[in-house]
Structure formats: structure tokens, C-alpha cells
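First up is the structure itself, then whatever we jot down about it.
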Amino acid sequence: MGSRRERLPALAWLLLLAIVPWWLGVPPLLAGAAALMVPSDRLRAHAGAIRRGLRWGLPGVLFALQRALGGDAFAWAMALLGALVGYTLLAGLEAWLDRNLREPLAPAETRDWPALALAPAGPPAAIVELDPPHWSEGRCVDPRGGEAHWADGRYRLADGNVVGGAEPRAAFSPDGRWFAAGAPRGGLILLDRGKGRRYRLHGWDLCGWHEGPWLARGTGPAMAWKEVFGQRG
């Protein structure tokens, strides 16, 4: 969730669109959606605020719509239908905008259970002690020098890297190679500064650091990043 400084303007925007006639609230939302698709650095710098305006403005317009329809059961049904369609389109738009942040993740290699059971020795066991992530809000100290600053839905690192579509919650690995940030609606964004690659992981959490990030999904066990990404070596 965003900070209080972000929620108060968003709530005021929602209330404004709920008060004015719905046909006055629709054009700003359409204009915001169109602005997100324009390849402009000036607009891209305000992408986070525009996205919040769409997410919070839509329920305000729908409330104004049901009020205009009489506020009966039919009016609420139309408003709920509008919410379903509107947020589906918004999710599709955001997925399209974040398409460049995704990296294809190959499935981890696995061994068939019969072969594992009949093997003369099982896989070697090792106890790994993880360094817990030290999360920071909005500003994160870089072990390699400088800080990462969050603004308008993105982190700017001191080395020039930019991680977009991120929540204001981030952590560096102890050696500074990896940068992790929370993703909207859950999940994780990872930046491998050593290889210059970004990964967007839906449903995964950062458990700690040991020669890179260790990740877990839900209540599952922690797994090394090489195993999650299907990489070796």
C-alpha cells in the first residue's frame, strides 16, 4: 500500500468523482489511460500518480453512475458490472505497460521420484543461513555507495538503474549486487546488477540472502534464485 501522503490525495480524488456527475468523471479517466500509452518521458515520470488516479477514480465514477440511475438494485448491478469491466481493462493495461519488466523464467530442473528413490545416495543436505532482508520505505542505502530513491512508482539507483512499477519498499543484498522491491498487488521485482537483468515474480516473497536471493511462494520452502530461475552455475 502507498504512504499516507499518497492515499489522502487519492481519497480526495475518489470523493470528487463520486460527487460530480458521472459523465464529467469519465473523460479524465480516459485521458489518464491514454496518457499512460504515450511514449513520453515527461508523462512516464508521472506514471505512478496516473495509475493511482485510475485505480481510485474508477469507483468514484461508478458511485456517481449508480446515483444517477436511481440508486436501486439495478443501478448497483450496473455499477458492479462497470467495476468488473473497468478493473479488468485496467489490469490488462498495467500488464501491457509492465511487459518490459518481465523476464522469461525457465522451470527448475527436477528429477523423477523413481530415479531419486533408487539412487545410491540422496541429494546432499546443507544448512544455509540466510541474511534477512532489511526493508526500507522510499529510500534505501546502497552497499556500493549512494541511495536508491522511490518516486512516482519507480526506484532510481545511484548507478543510474531504474526499477519501475515498484512499491516504496525495497532492500539491497549485503554485497549490493541484487536489488529487490515490492510489486503492486503482491509479488517481487528483482534487479541483478551484475548481469543487468530484471525479474518480476508474481506470488513470490524474499526470504533472505545467501549468494543471491532466496525466495518462497506462499508457505512453501525457501529456494535459491538459481533454482527458481532454472539456472545452473
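The values are calculated or read from the model by the stated rules, or taken from the named source; none is laboratory data. The structure presented is a predicted model; accordingly, all values stated were derived computationally and were not measured. Cβ sites come from the backbone with ideal geometry, for glycine too, and all protein chains shown count toward neighbours. Side chains are part of the model used for accessible areas, which takes the heavy atoms of the whole protein and leaves out ligands, DNA and RNA. Shrake-Rupley method; radii C 1.70, N 1.55, O 1.52, S 1.80 Å.
What the table below lists for this structure:
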| item | result |
| --- | --- |
| Any hit, the range 158-172, residues being closer than 19 Å to Ala47 by Cα and charged (D, E, K, R) | yes |
| Trp96 vs. criteria within 27 Å of Ala166 (Cα to Cα) and at pLDDT below 80 | yes |
| Residue in the range 125-136 that is acidic (Asp, Glu), modelled with pLDDT under 80 and surrounded by 15 or more Cβ atoms within 10 Å (Cβ to Cβ) present | no |
| Every residue from the range 166-182 that is assigned to a loop (DSSP other than H, G, I, E, B) and either closer than 17 Å to Gly208 by Cα or of a type in the set (Phe, Trp, Tyr) (or both) | Arg169, Ser173, Pro174, Asp175, Gly176, Arg177 |
| Test: residue in the range 155-165 that is surrounded by 15 or more Cβ atoms within 10 Å (Cβ to Cβ), under 21 Å from the mean Cα position of the chain (by Cα), assigned to a strand (DSSP E or B) and among the β-branched types (Val, Ile, Thr) | yes |
| Test for Arg51: is it modelled with pLDDT under 85, open to solvent by 40 Å² or more (accessible area, probe 1.4 Å) and among the basic types (Lys, Arg) | no |
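Here is a yes/no grid of residues against (1) within 21 Å of Val20 (Cα to Cα); (2) not in a helix (DSSP H, G or I):
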site: Val38; (1), (2): no, yes
site: Gly48; (1), (2): no, no
site: Arg51; (1), (2): yes, no
site: Leu58; (1), (2): yes, no
site: Gly71; (1), (2): yes, yes
site: Trp76; (1), (2): yes, no
site: Gly92; (1), (2): no, no
